[in-house]
Amino acid sequence: MSAPKTAIVMAAGLGTRMRPLTDHQPKALIEVAGKALIDHMIDPLVAAGVERVVVNVHAHADQMEAHLKRRTDVEVLISDERARLLETGGGIKHARGLIGDAPVWVCNSDYVWDVPGEPPMTTLAKAWDPARMDALLVVIPKARTMGFDTPGDFFQDPDGALTHRGQAAEAPLHCFGIEILDPTLVYADPRDAFTLRDIWIASTRKRRLFGLQLDGLWMQVGDPIARDEAEARLT
């Protein structure tokens, strides 16, 4: 299947856990290993053939826009959420006019990874099958993650289908903030602000939510300690 040519990178959060580093700059512009977090995500998307990147903005939005204007290797469009935070699902729905209705990359802006071999976006694109998937998520066993403080997100069947943890005390896989998604499912939700998790759970009931486990170490950069740990790993 052909990989999507458009991506949305979620960068509109307040970054409260990253304070004081986010008191005067957006979280996605914090540097790890000499590169802003958002560029850690955009660079591999461009390498995977993405031609348009939509970035949603809220806190310190002017700084984010100025930073992104420096990129000449990809078309960058801004989805403005200065007036109101819309959560992940609402942010995608708000950006419909920029994203379109075709499958799209959806990525968070606070993750980095250390992965041998084939680039993760290439592997994910090869596994994407819209005939049987609403979304294909990168999922990582908890032992190969850093910076996560949750009890896990998903269980996975032998065929790759995912089941959300729900009321279980824990689950073996963390969702890692990189996926390919059919956005029309998000657009159909009547709400303005909602989490993408709601869309995932609806897809699990149809057995159309799938996950791909990848090698390497995967790091969430959610607070200053996690940022320092990721810096040590990547330098």
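The values are calculated or read from the model by the stated rules, or taken from the named source; none is laboratory data. Treat the numbers as computed from the prediction; the structure is a model and nothing was measured. We place every Cβ from the backbone using ideal geometry, glycine too, and count neighbours over all the protein chains shown.
Specify which of the listed residues (Ala33, Ala47) is under 24 Å from Gly222 (Cβ atoms), surrounded by fewer than 18 Cβ atoms within 10 Å (Cβ to Cβ) and either aliphatic (A, V, I, L, M) or at pLDDT below 95 (or both). First the steps, then the outcome.
Details: Ala47 fails: under 24 Å from Gly222 (Cβ atoms).
Going through Ala33, Ala47 in turn, just one is under 24 Å from Gly222 (Cβ atoms), surrounded by fewer than 18 Cβ atoms within 10 Å (Cβ to Cβ) and either aliphatic (A, V, I, L, M) or at pLDDT below 95 (or both): Ala33.
Only one residue in Val76, Val57, Val50, Val46 is in a loop (DSSP other than H, G, I, E, B), under 17 Å from the mean Cα position of the chain (by Cα) and either of a type outside the set (Asp, Glu) or more than 13 Å from Val186 (Cα to Cα) (or both), so which one is that?
Details: Val76 fails: in a loop (DSSP other than H, G, I, E, B); Val57 fails: in a loop (DSSP other than H, G, I, E, B); Val46 fails: in a loop (DSSP other than H, G, I, E, B).
After applying the criteria, what remains is Val50.
Only one of Ser2, Ser79 is surrounded by 21 or more Cβ atoms within 10 Å (Cβ to Cβ) and either of a type in the set (S, T, N, Q) or touching a Gly at 6+ places or on another chain (Cβ under 8 Å) (or both); which? Even if it seems obvious, please write down each step before you answer.
Working: Ser2 fails: surrounded by 21 or more Cβ atoms within 10 Å (Cβ to Cβ).
Of the residues listed, the single one that is surrounded by 21 or more Cβ atoms within 10 Å (Cβ to Cβ) and either of a type in the set (S, T, N, Q) or touching a Gly at 6+ places or on another chain (Cβ under 8 Å) (or both) is Ser79.
Got a sec? Which of Arg84, Arg17 is part of a helix (DSSP H, G or I) and at pLDDT below 95?
Details: Arg84 fails: part of a helix (DSSP H, G or I).
Selected residue: Arg17, the only one of Arg84, Arg17 that is part of a helix (DSSP H, G or I) and at pLDDT below 95.
If you scan region 100-125, which residues turn out to be closer than 23 Å to Ile199 by Cα and assigned to a helix (DSSP H, G or I)? First the steps, then the outcome.
First, pick out the residues of region 100-125 that are closer than 23 Å to Ile199 by Cα: 100-111, 121, 124-125.
Matches in region 100-125: Met121, Leu124, Ala125.
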